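The values are calculated or read from the model by the stated rules, or taken from the named source; none is laboratory data. Just so it is clear, the model here is predicted, and its values are computed rather than measured. We place every Cβ from the backbone using ideal geometry, glycine too, and count neighbours over all the protein chains shown. In case anyone asks, the SASA skips ligands and DNA or RNA and just uses the protein heavy atoms, side chains included. Shrake-Rupley method; radii C 1.70, N 1.55, O 1.52, S 1.80 Å.
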Amino acid sequence: MLAVVRALIVIGYPAALYFGVSRLDPRSLGLVMLGLLLPNLALRVWAAPAEQRRAVVRLPLALAGLVGLGAALAEPRFYLALPVLVNLTLLANFAASLRGPVSLVERYARLQEPELPEGGPAYCRKVTAWWCWFFAANAAACAGLAAAAPVSWWALYTGILAYILVGFGFTLEFLVRKRVFQQFGDSLPDRLLARFLRRA
C-alpha cells in the first residue's frame, strides 16, 4: 500500500505542484510540501531494514533539502527537482548494475523467465545501457525545464510527455526482443506479431 501511495505521489506531483505554484506563495508552498514529505520520510525510515535505510532515504531526504532551500529563498524552482532526482537515481541504479555480472534488466527478466534464451544476458545488458542513456537524457530535459521554462511546460513534460516516452521505450524494446529471440506464444497479440516479426 505504501508503494502504491508513493507511486501516486510521484505521478501526481507535476499537476499538484503546478496548481500550488499558481495559487500559493513560494514559502507557503514549501511548508506544505515539507509537511507532506517529512512524514513520508519517517515512514520510509521506519519500514526499511536497518542495512537499507541509507539507500531508501536518499531520494526523499535530497528532495526535502531542496524544498527547504526553496522555502528559505522563496524560489519555487527548487520544488521542480523531483523528476530530476528520480531519473538520476534510476540512472545510478541501472549503471551500477552494469559493473556487476548481472544487469538490472536481466535481474527483472529472470523473475519472469528464470532460464533466458541464448544471448539473453548480453541482450539485457544492452537494454540496461539503453535505459541509462534514456534516464540521463530525461534528467537533463527535466532540469532544463525546471531551470528556464514556464512551470506549465515543466508540468506538461514531466506529468504527461515523459510517461509517453517511457511507454514508447518499453513498447519498442518489446518488439525488438520478439524480433531478436523469435519467441511467440499462442495468444492473439503474439500470433499477430509473428506475422510481421518472424524471420523468413
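Which whole-number percent is the relative contact order of the stretch 1-158 (Cα, under 8 Å, 6+ apart)?
Values: 136 pairs, mean separation 37.5, N = 158.
Dividing the mean separation by the residue count of the stretch 1-158 yields 24 percent.
For the stretch 60-128, what does the relative contact order come out to in percent, with C-alpha contacts under 8 Å and a separation of six or more?
24 percent
How much length is gained if the chain between residue 115 and residue 25 is pulled fully straight, taking 0.36 nm per residue apart and subtracting their Cα-Cα distance, in nm to one decimal?
On the way: separation 90, 0.36 × 90 = 32.40 nm, distance 5.53 nm.
Separation in residues times 0.36 nm, less the Cα-Cα distance, equals 26.9 nm.
Could you give the length gained on full extension between residue 58 and residue 38, defined as 0.36 nm per residue of separation minus the Cα-Cα distance, in nm? Working shown, then result.
Values: separation 20, 0.36 × 20 = 7.20 nm, distance 1.29 nm.
My answer for the length gained is 5.9 nm.
Hey, what did the stretch 66-200 get for relative contact order, percent, Cα under 8 Å, at least 6 apart?
Numbers: 96 pairs, mean separation 28.5, N = 135.
Dividing the mean separation by the residue count of the stretch 66-200 yields 21 percent.
Let's test the formula: R0 of 22 Å, r as the Cβ-Cβ distance of residue 149 and residue 96. What FRET efficiency results, to the nearest 0.05?
Values: r = 31 Å, r/R0 = 1.39.
Efficiency, from the Cβ-Cβ distance: 0.10.
First obtain the Kirkwood hydrodynamic radius of the stretch 81-160 from its Cα pairs, then insert it into the Stokes-Einstein equation at 10 °C and 1.306 mPa s, and state the resulting D in µm² per second as a whole number.
On the way: Rh = 13.8 Å.
Translational D for this selection: 115 µm²/s.
Restricting to DSSP H runs of at least four residues, report the calculated mean residue ellipticity at 222 nm for the chain, -39500 (n - 2.57) per run over all residues, nearest 500 deg cm²/dmol. Mind showing how you got there, number by number?
Working: 9 runs with 155 residues, N = 200.
About -26000 deg cm²/dmol.
Mind giving me the FRET efficiency for residue 107 and residue 192? R0 is 25 Å, r the Cβ-Cβ distance, nearest 0.05 is fine. Walk me through the numbers on the way to the answer.
Numbers: r = 30 Å, r/R0 = 1.19.
Working from the Cβ atoms, E equals 0.25.
Do any GluC sites (Glu not before Pro) in the stretch 109-200 lie in a loop, going by DSSP, with at most 10 other beta-carbon atoms within 10 Å of their beta carbon, and if so which? Walk me through the numbers before you get to the answer.
On the way: sites: 115, 118, 173; in loops: 115, 118.
Here the sparse-neighbourhood loop sites are 115, 118.
Using the Karplus curve 6.51 cos²θ - 1.76 cosθ + 1.60 with θ = phi - 60°, what ³J(HN,Hα) values do you get for each residue of the stretch 65-76, in whole Hz, with x for Gly and Pro?
x, 5, 5, x, 5, x, 5, 5, 9, 6, 10, x
When the chain is modelled as a GNM with alpha-carbon springs shorter than 10 Å, which of 103, 22, 187 fluctuates the most?
For the chain, modelled as a Gaussian network with Cα springs under 10 Å, the answer is 187.
Measure off, as a whole percent, the carbon and sulfur share of the 1.4 Å-probe accessible area of the stretch 27-87, all protein chains present. If you can, show how the numbers build up before the last one.
Details: 2320 of 3360 Å².
Whole-percent figure for carbon plus sulfur exposure: 69.
What do the square roots of 5 times the Cα gyration tensor eigenvalues come to for the stretch 1-159, in whole Å, largest first, as semi-axes of the equivalent ellipsoid?
Details: eigenvalues 214, 73, 33 Å².
Each semi-axis is the square root of five times an eigenvalue, giving 33, 19, 13 Å.
Connecting C-alpha atoms closer than 10 Å in a GNM of the chain, tell me which of 60, 117, 189 has the biggest fluctuation.
With Cα springs under 10 Å in the chain, the top fluctuation among 60, 117, 189 is at 189.
Pick from 153, 131, 46: which is most flexible by mean-square fluctuation in a GNM of the chain where alpha carbon atoms under 10 Å apart are linked?
46
What's the angle, to the nearest 10 degrees (0 to 90), between helix 188-197's Cα axis and the longest principal axis of the chain?
70 degrees
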